[in-house]
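To start, the structure itself, in structure tokens.
The values are calculated or read from the model by the stated rules, or taken from the named source; none is laboratory data. Being a predicted model, the structure only gives us computed values, none of them experimental. Ideal geometry is used to build each Cβ from the backbone, glycine not excepted, and the neighbour counts take in all protein chains shown.
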Amino acid sequence: MLLDFFRICGYYSVFVYLNERLKPAYLQKEQSKVEKSAEVPQKMLGFLHALITAAHGIFYAAGWIDFPQLHSARLISTAFLVFDFVLSVMNYETDGEEALTAHPIGTGIHHFITLIFIYGSLFASSLAGCLAFFWSEVPVCFLNATWYYFYIGQSNSRVCAILSICTVTTYFIFRVCMFPIMFLFIMLPNVNWFNPLSYPILLLLGLVYILNLLWFFKLLNKTAKLLPNIYGLEMLSKFPLYSLLPKRVAKRT
């Protein structure tokens, strides 16, 4: 346990270092662009964390790694969740305008529930909760990649539309469908009902799932607006110029 604590502290220090190194060196004068630039380190670190955890979840399911490697990735997630909470406290604004990050209270509750979930504090085994969390990070990879194309002003590109479709598809598979299946058939039967904390934690997990549903429909709405970009309308619009050319008139004799 003590070794795990020091490893978590080490991973946390790495996230702090990377957060400072990833901050843009130049900020434009427009306030909206300054706020967007402030999100860059958090989005990039979120993408890195999602990539690490999703890869470990998939590799474990494929039999390429065993539980010790999965546990190491769980320690990285623990450090990241603590780091993300601290960042939300530091960056949250209460001046009546839209905050750069989620409310620290909401972020803290979400991350606390997540840690209980992935460590299996209420279940007979932590493996199912850990895998469910790791697999649910797959759509986060595509989501942050989509954000990058919005950030650089290429939201109308075909790549951005494809990434958005991948986000919605994987979100539906891993967060809307797979999560309740694993919870109902694997984790719920092993809940420690004698623990008085089980009941409020289960209630909060239900609220988190409802939020996942709301986010899914929000992402679905945004993706629907990007769908026309996937067909390459600019290229197809030139096709009639070649197919509808008037036939060459025969020379009169």
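Quick notes
- Options I181, I210; residue that is modelled with pLDDT of 85 or more, loosely packed, with under 11 Cβ neighbours inside 10 Å and within 22 Å of I109 (Cβ to Cβ): I210
- Which numbered condition S155 misses (of (1) part of a loop (DSSP other than H, G, I, E, B); (2) surrounded by fewer than 16 Cβ atoms within 10 Å (Cβ to Cβ)): (2)
- Condition check for E97: modelled with pLDDT under 85 and farther than 20 Å from K23 by Cβ: yes
- Single unsatisfied condition, V176 versus (1) surrounded by 10 or more Cβ atoms within 10 Å (Cβ to Cβ); (2) modelled with pLDDT under 90; (3) assigned to a helix (DSSP H, G or I): (2)
- Test result for T78, at pLDDT 90 or above, of a type outside the set (F, W, Y) and over 21 Å from F142 (Cα atoms): yes
- Taken as a whole, the structure leaves N192 outside the set of residues that are surrounded by 10 or more Cβ atoms within 10 Å (Cβ to Cβ), out of contact with any strand residue (DSSP E or B) (no Cβ under 6 Å at 6 or more places or on another chain), part of a helix (DSSP H, G or I) and modelled with pLDDT under 80.
- Flag if V168 is in contact with a Ser or Thr (Cβ under 9 Å, 6 or more places away or on another chain) and either buried (at least 22 other Cβ atoms within 10 Å of the Cβ) or hydrophobic (A, V, I, L, M, F, W, C) (or both): yes
Each row is one residue, and each column tells you yes or no for (1) of a type in the set (D, E); (2) buried (at least 19 other Cβ atoms within 10 Å of the Cβ); (3) within 19 Å of D4 (Cα to Cα); (4) modelled with pLDDT under 90.
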{"site": "V34", "(1), (2), (3), (4)": "no, no, no, yes"}
{"site": "L45", "(1), (2), (3), (4)": "no, yes, no, no"}
{"site": "F59", "(1), (2), (3), (4)": "no, no, no, no"}
{"site": "Q69", "(1), (2), (3), (4)": "no, no, yes, no"}
{"site": "F83", "(1), (2), (3), (4)": "no, yes, yes, no"}
{"site": "S88", "(1), (2), (3), (4)": "no, yes, no, yes"}
{"site": "E93", "(1), (2), (3), (4)": "yes, no, no, yes"}
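- Being at pLDDT 90 or above and in contact with a helix residue (DSSP H, G or I) (Cβ under 7 Å, 6 or more places away or on another chain) holds for only one residue in A102, A73, A124, A161, and it is A73.
- Subset of the stretch 136-181 [closer than 20 Å to L22 by Cβ and of a type in the set (D, E, K, R)]: E137
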